[in-house]
Amino acid sequence: MTRLFGVGCVLLMVAVPPGPINGQAVGRADVRGSIVDASTGEPLQDAIVMLERIGVADSASASTRASITARTTRSDSTGSYVFADVARGRYTLRASRIGYHAQQLIVTVQGPDDPRVSLGLSIEPVALEPLNVTGTADVRGDRTFVHDPAGEDADAARIAAVRARQRLFLPGDVRAVTRSDLRESVTLGESDLFRALQRLPGVSTIDEYSAELWMRGAAFDQMRIYVDGIPLFNPLHAAGAFGSVSPDAIGAAYLHAGTQPVSVEGGAAGTLELRTRAGEDDGEYAAGEISLVSARLAVDDASSTGERAYMVAARRTYLDLLTRLAERLGMDDVAVPYEFLDIAGRYDERVGQQSVIEASALVQVDALTGDVPDVLHGTRARWGSGLARVSLLTPVHGRRTRHTVGVSTFASRVRNVPVEQTGLDAPIASPSSNTLVHLTVRGELEREERTAWTGGYEMSRVHVDYRGPAPRSTLRTVPVQDTTELHGSNVRAALWLERRWDVGTLEVSGGARLETGSRARSTPRVRVAPRVAVRWQPSARTSVSTAFAHGFHYEQAIAPAGVSPDLDNFASEVLWVVAGDEVPALRSSTVTATAEHWLSTRWLVGATAWLRWSRGVAHQDPTPGLDVGRRSFVVGDARARGIDVSVRRLAGRWTGSFGYSLAAADASAAGFDFPADEDQRHVVDLTSALALGRGWVWSAAYTYAAGAPYTRFHEGNYECDATGACTWLTPPSRESRNARRRDATSSLDFALDWSRRFSGWTLGGFVQLRNVLGAENQGRYAHFEPPWCGGDCANGAPVEIEGFDKFHPGLPRLPLIGLRFAF
């Protein structure tokens, strides 16, 4: 009975002194009280409180009944509310707030003394699904990433998302990302989910130009990204500068920084779970954004009966179109031959009374279709990723099941074309062909009760095929190229089962994933991936959790992708290898311990200690020496450990967060021990947003990251004959793996956002200033410039110039603007 009181009962304190019962008396009074969180006793601001008269004659008109029977108000910052001058009679008092169960009770006003009535609302981690076509809520909460929130609704939705996350996942280091987090993080030039994730504790990246996610000392390819249960490979645009998943298409975003659910495979260093949003009939048909980076538009709608819904979100760069137009108008050499495009869509339709078909797809394409002076010559390239899935949701023996068929691909094509020689010092990229195809059939029994069993099956096949230049240490393109071919495929099947229990004051979640399939090097044919999580709540505000998981990761990347920040070289490939006879499955074990505490209804603090060790990791060959004829990769181990700390203010006129990560990551392979590429010892992130009123919001974000290690690389010298054939004079070489560290980086970024609602449509815009302090940060490592003799060496006055490492420059102080609209 006590537990039920703590999680869901109504706290009722009614003091109604005896008053006159004379039927002729007209007693009036004020009805007042407080709305509080039933589990913590903390006041709840902005709860909607309604007082409705009972027993008004049905013969009264609707407008008359409404005017005399129902009054509505909101609770203030102390949770208090008041209804003044209430006539004698019986009333229904109702209180509701997003994220909490609504409650109601009967109140009797008998005389002039004021009744005091306080209500306690219990937490309800609502799934804010915009279109409920199945008649039951999706327990994963597909609307935690609420579309375009503002003011009080944004605050309520943000807290509801955190509460839903705490109910759905026992490990405390899972993070539910909302659009408020996105706005607060001040991303680069446009709304970018991946760059917003970089502001979270434990997440960092290589430099300011990259949207890659380094998750607790591990490379981006060791993190699994799922969209509607289908893995997405290399979801980045513009050499990794921008994420390729439009936030307009997202309904929920959960980051599993440590352990992950047994329902998904891979994710050796974390999992990002994205779910597309269904179309909704909310009075707005389309929304868009135009920035200096791209233009995007999202269109969605739903039938009034809830039978069907659709959503389409598209984004494209437009600088190539503008510069081509400028050339047609007479301007010379201004065309930008690069573009990117991504399109995401979803369609839902009810089948019968209880079943639903969901279909969603995502396509992202980058294309380089012309010469770039001093950058690239005689090269055409096209690369990108995509996925599609169809799911059937239908009940079986009273439990809802989901069956999905999906495909995910990554492809890159680079070719040379005959062009007129311009005399420019620009390389010609070597032709290549690169393909990855991942097929999936999976099903799951969805959880309907917190302590229920749930399980599922999965069958998948992945195939990779690459022909082109051999993997290399840097992105530098040189005329002398080794060529290689990489082929591989893997077929596997899995069954998984999981259950949650309440054991006294503990909540326990345990399960395992049983996998088998194609043979993989140093990997058993039958593989067990267990997971267990335990959470203890000593009080309603505090929770302590620990989790352990062991899993297998079957696809790894062994070479970089994209165009470098200063555009002096080109390589569009991400070279993937899959577990097989020559490649082991990456086996990773993770342990986490997390404590979370609500300082109030708005403030949440947390800390996580974590440890991860991995075997079967595909590393670049760490052997120092010549960089010609090397192995494509070597197999080794990796270890990482650290502590993440966060403080968040989730609601109010001012919101913000502080995150700090202390971590260390190292690796071993081919007989060498060395720091991991992602070994950033200290990372600090600060974000803040202040509502200025009249639709204005001021945001600021600061990041400090200790320098990551790098390997010194010597480019070498070559000569080419009249036919274009080139030979090495001094072959390129590299020094000891990650023996040096780049400087620490820091950046302070500001944004001013404005929006205003008009009749039937919304208009807004933003101004950003990146790198406000003008920090001269180092970008990606390029190569080592050897010593040379300056001055008049021939006349006996030599000046010896020492060698130095060359880095691409970081972002300068950069103003950016954008426009948003919805109608």
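The values are calculated or read from the model by the stated rules, or taken from the named source; none is laboratory data. This is a predicted model, so every value here is computed, not measured. Methodologically, a virtual Cβ is constructed for each residue, glycine included, from the backbone with ideal geometry; neighbour enumeration extends over all protein chains shown. Accessible surface is based on the protein model in full, side chains and every heavy atom, while ligands, DNA and RNA are left aside. Shrake-Rupley method; radii C 1.70, N 1.55, O 1.52, S 1.80 Å.
Can residue 289 be described as over 27 Å from residue 761 (Cα atoms) and at pLDDT 90 or above?
Against the criterion (over 27 Å from residue 761 (Cα atoms) and at pLDDT 90 or above), residue 289 does not qualify.
Give the number of residues within region 628-671 that are touching an Asp or Glu at 6+ places or on another chain (Cβ under 9 Å), outside any strand (DSSP E or B) and of a type outside the set (A, V, I, L, M).
Within region 628-671, residues that are touching an Asp or Glu at 6+ places or on another chain (Cβ under 9 Å), outside any strand (DSSP E or B) and of a type outside the set (A, V, I, L, M) number 6.
Quick check: anything in region 429-442 modelled with pLDDT under 70, in contact with a Leu (Cβ under 8 Å, 6 or more places away or on another chain) and surrounded by fewer than 20 Cβ atoms within 10 Å (Cβ to Cβ)?
Within region 429-442, none of the residues are modelled with pLDDT under 70, in contact with a Leu (Cβ under 8 Å, 6 or more places away or on another chain) and surrounded by fewer than 20 Cβ atoms within 10 Å (Cβ to Cβ).
May I ask you to verify whether residue 741 is touching a Pro at 6+ places or on another chain (Cβ under 6 Å) and farther than 28 Å from residue 154 by Cα?
yes
Quick check: anything in region 557-566 surrounded by fewer than 18 Cβ atoms within 10 Å (Cβ to Cβ) and at pLDDT below 95?
yes
For region 648-661, which positions are surrounded by fewer than 17 Cβ atoms within 10 Å (Cβ to Cβ) and either modelled with pLDDT of 95 or more or among the hydrophobic types (A, V, I, L, M, F, W, C) (or both)?
Residue satisfying the conditions is 654 alone.
Take the residues of region 330-345 that are in contact with a strand residue (DSSP E or B) (Cβ under 9 Å, 6 or more places away or on another chain) and not hydrophobic (A, V, I, L, M, F, W, C): which is least open to solvent (accessible area, probe 1.4 Å)?
Checking each candidate, the answer is 342.
Which residue is farthest from residue 343 (Cα to Cα), if the candidates are limited to region 298-315 and must be aliphatic (A, V, I, L, M), modelled with pLDDT under 95 and open to solvent by 10 Å² or more (accessible area, probe 1.4 Å)?
The qualifying residue farthest from residue 343 (Cα to Cα) is 302.
Can you confirm whether residue 710 is in contact with a Leu (Cβ under 7 Å, 6 or more places away or on another chain) and touching a residue at least 12 places away in the same chain (Cβ under 8 Å)?
So residue 710 does not fit the description; no.
Go through region 252-294 and count every residue that is under 17 Å from residue 311 (Cα atoms), surrounded by fewer than 22 Cβ atoms within 10 Å (Cβ to Cβ) and hydrophobic (A, V, I, L, M, F, W, C).
Summing the residues that are under 17 Å from residue 311 (Cα atoms), surrounded by fewer than 22 Cβ atoms within 10 Å (Cβ to Cβ) and hydrophobic (A, V, I, L, M, F, W, C) in region 252-294 gives 2.
Just wondering, is there one or more residues in region 521-542 that are closer than 23 Å to residue 589 by Cα, of a type outside the set (D, E, K, R), open to solvent by less than 20 Å² (accessible area, probe 1.4 Å) and at pLDDT below 95?
Scanning region 521-542, I find at least one residue that is closer than 23 Å to residue 589 by Cα, of a type outside the set (D, E, K, R), open to solvent by less than 20 Å² (accessible area, probe 1.4 Å) and at pLDDT below 95, so the answer is yes.
Kindly evaluate residue 273 against the criterion of being charged (D, E, K, R), part of a loop (DSSP other than H, G, I, E, B) and in contact (Cβ under 8 Å) with a residue 12 or more places away in the chain.
For residue 273, the condition - charged (D, E, K, R), part of a loop (DSSP other than H, G, I, E, B) and in contact (Cβ under 8 Å) with a residue 12 or more places away in the chain - is not met.
Would you confirm whether or not region 240-256 contains a residue that is assigned to a loop (DSSP other than H, G, I, E, B) and among the charged types (D, E, K, R)?
No, that holds for no residue.
Do you know which residues across region 260-293 are out of contact with any helix residue (DSSP H, G or I) (no Cβ under 9 Å at 6 or more places or on another chain) and more than 30 Å from residue 640 (Cβ to Cβ)?
Answer for region 260-293, where residues must be out of contact with any helix residue (DSSP H, G or I) (no Cβ under 9 Å at 6 or more places or on another chain) and more than 30 Å from residue 640 (Cβ to Cβ): 278, 279, 280, 281, 282, 283, 284, 285, 286, 290, 291.
Restricting attention to region 690-710, does a residue exist that is hydroxyl-bearing (Ser, Thr, Tyr) and either in contact with a Pro (Cβ under 9 Å, 6 or more places away or on another chain) or assigned to a loop (DSSP other than H, G, I, E, B) (or both)?
Looking through region 690-710, none of the residues is hydroxyl-bearing (Ser, Thr, Tyr) and either in contact with a Pro (Cβ under 9 Å, 6 or more places away or on another chain) or assigned to a loop (DSSP other than H, G, I, E, B) (or both).
For every residue, the table says whether it meets (1) part of a loop (DSSP other than H, G, I, E, B); (2) in contact (Cβ under 8 Å) with a residue 60 or more places away in the chain; (3) on the phi > 0 side of the Ramachandran plot.
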| position | (1), (2), (3) |
| --- | --- |
| 159 | no, yes, no |
| 189 | yes, yes, yes |
| 211 | yes, no, no |
| 218 | yes, yes, no |
| 226 | no, no, no |
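Mind checking whether some residue in region 747-763 is assigned to a loop (DSSP other than H, G, I, E, B), within 26 Å of residue 206 (Cα to Cα) and modelled with pLDDT under 95?
No, because not a single residue in region 747-763 is assigned to a loop (DSSP other than H, G, I, E, B), within 26 Å of residue 206 (Cα to Cα) and modelled with pLDDT under 95.
For region 697-746, which positions are out of contact with any Phe, Trp or Tyr (no Cβ under 9 Å at 6 or more places or on another chain), at pLDDT below 95 and either open to solvent by less than 40 Å² (accessible area, probe 1.4 Å) or among the acidic types (Asp, Glu) (or both)?
If the condition is that a residue be out of contact with any Phe, Trp or Tyr (no Cβ under 9 Å at 6 or more places or on another chain), at pLDDT below 95 and either open to solvent by less than 40 Å² (accessible area, probe 1.4 Å) or among the acidic types (Asp, Glu) (or both), then 707, 721 are the ones that fit.
Give the residue that is nearest to the chain's Cα centre (by Cα), with candidates limited to residues of region 711-734 that are within 30 Å of residue 622 (Cα to Cα) and not in a strand (DSSP E or B).
711
List every residue pair whose Cβ atoms lie under 9 Å apart, where the two residues are 6 or more positions apart in sequence or sit on different chains, the first residue falls within region 350-368 and is open to solvent by 60 Å² or more (accessible area, probe 1.4 Å), and the second residue, located anywhere, is of a type in the set (D, E, K, R) and in a strand (DSSP E or B).
Here the result reads 354/400; 357/348; 357/349; 357/350; 363/342, each pair linking region 350-368 to a residue that is of a type in the set (D, E, K, R) and in a strand (DSSP E or B).
If residue 797 satisfies every condition in (1) at pLDDT 90 or above; (2) open to solvent by less than 80 Å² (accessible area, probe 1.4 Å) but one, which is the exception?
(1)
Which of the residues that make up region 625-669 are more than 30 Å from residue 521 (Cβ to Cβ) and of a type in the set (Ser, Thr, Tyr)?
646, 655, 657, 660, 661
Being open to solvent by 50 Å² or more (accessible area, probe 1.4 Å), under 29 Å from the mean Cα position of the chain (by Cα) and either small (Gly, Ala, Ser) or modelled with pLDDT of 65 or more (or both) is the filter here, so list the residues in region 446-483 that pass it.
453, 457, 459, 461, 463
Condition check: among the charged types (D, E, K, R) and under 30 Å from residue 822 (Cα atoms). Does residue 757 satisfy that?
So residue 757 fits the description; yes.
(1) of a type in the set (Gly, Ala, Ser); (2) without any contact (Cβ under 8 Å) to a residue 24 or more places away in the chain; (3) in contact with a strand residue (DSSP E or B) (Cβ under 8 Å, 6 or more places away or on another chain): which one isn't true of residue 701, the others all being true?
Among (1) of a type in the set (Gly, Ala, Ser); (2) without any contact (Cβ under 8 Å) to a residue 24 or more places away in the chain; (3) in contact with a strand residue (DSSP E or B) (Cβ under 8 Å, 6 or more places away or on another chain), the lone unmet condition for residue 701 is (2).
Conditions tested, residue by residue: (1) closer than 30 Å to residue 305 by Cβ; (2) at pLDDT 90 or above.
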| site | (1), (2) |
| --- | --- |
| 345 | yes, yes |
| 348 | yes, yes |
| 357 | yes, yes |
| 364 | no, yes |
| 369 | no, no |
| 374 | no, no |
| 380 | no, no |
| 386 | no, yes |
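Go through region 234-281 and give me each residue that's under 11 Å from the mean Cα position of the chain (by Cα) and charged (D, E, K, R).
273, 275
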